[in-house]
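Remarks on the structure that follows.
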Amino acid sequence: ESFKPEFRKILEDRKKSKLLKSAAAIASGLVKDKDSAPILMDMLKKQPDEPTIMPYLILALVMVGDEKAVEIIQPLWEKVDKNVISAAYTNMAVALSLLGKKQDVLAQMVKHTESKDNVLRQHAFHTLGLLGERDSGKVFLNAFESETADNAKAYIVSGLGLLMEKTPVPMLTEW
């Protein structure tokens with residue numbers, strides 16, 4: 001409990017590095033500091049495309065469990081394209097899934113697996129493997145049969161492997 005205010009101080013200090021703020025964000029999430037949620041949301045609003053900190057802000061918000069985070073993450077998810085980094089893509093999908101939007105996220109990822117952009121397809125196959133359901137297997141099998149790029153096939157196989165994993169995924173659910 002005594003560290004929570006210290007983490008918030010780091011998050012609000014403009015002189016602190018983004019990496020340190022990322023660590024403080026995750027720490028706030030791990031200790032479920034609900035008072036940090038407004039700070040985290042404000043930071044995400046101000047830096048929605050910042051690859052150094054954005055994925056960690058999203059994870060922290062879902063770990064804190066503030067459902068208002070959906071209002072910020074959902075618009076970011078809806079405009080996802082090939083320029084988003086893999087960690088941000090996955091973290092947005094995980095966060096929205098854990099905050100009650102799983103079916104919407106799954107539908108969007110299936111659309112992304114059909115994209116002409118190879119990078120976006122790769123993100124989608126990886127994350128669909130993490131979050132998908134039994135029926136998602138059909139997406140992987142159909143894509144594998146029609147895919148011509150070897151690197152995309154590797155993501156399809158990897159995603160299918162993740163989908164078939166028996167341990168609880170994502171680990172955030174366990175936390």
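The values are calculated or read from the model by the stated rules, or taken from the named source; none is laboratory data. The structure displayed is predicted, hence computed values, not measured ones. Please note: Cβ atoms are built from the backbone with ideal geometry, for glycine as well, and neighbour counts cover all protein chains shown. The protein model used for the area step is the full one, side chains on, heavy atoms only, and it has no ligands, DNA or RNA in it. Shrake-Rupley method; radii C 1.70, N 1.55, O 1.52, S 1.80 Å.
Among the residues in segment 61-69, are any in contact with a Gly (Cβ under 7 Å, 6 or more places away or on another chain), of a type in the set (A, V, I, L, M) and over 30 Å from residue 160 (Cβ atoms)?
yes
I need the helices (runs of 4 or more DSSP H) fully contained in segment 77-173, keeping only those with at least 2 residues that are closer than 23 Å to residue 51 by Cα and open to solvent by 30 Å² or more (accessible area, probe 1.4 Å).
86-96, 118-131
Within segment 34-71, track down each residue that is polar (S, T, N, Q) and within 15 Å of the chain's Cα centre (by Cα).
Hit for segment 34-71 is 52, nothing else.
One line per residue, one yes/no per condition, for (1) crowded, with 16+ Cβ neighbours inside 10 Å; (2) aliphatic (A, V, I, L, M):
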| site | (1), (2) |
| --- | --- |
| 2 | no, no |
| 6 | no, no |
| 9 | no, no |
| 31 | no, yes |
| 37 | yes, yes |
| 41 | yes, yes |
| 60 | yes, yes |
| 64 | yes, yes |
| 68 | no, no |
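In this structure, is residue 110 over 19 Å from residue 68 (Cβ atoms), at pLDDT below 90 and not basic (Lys, Arg)?
no
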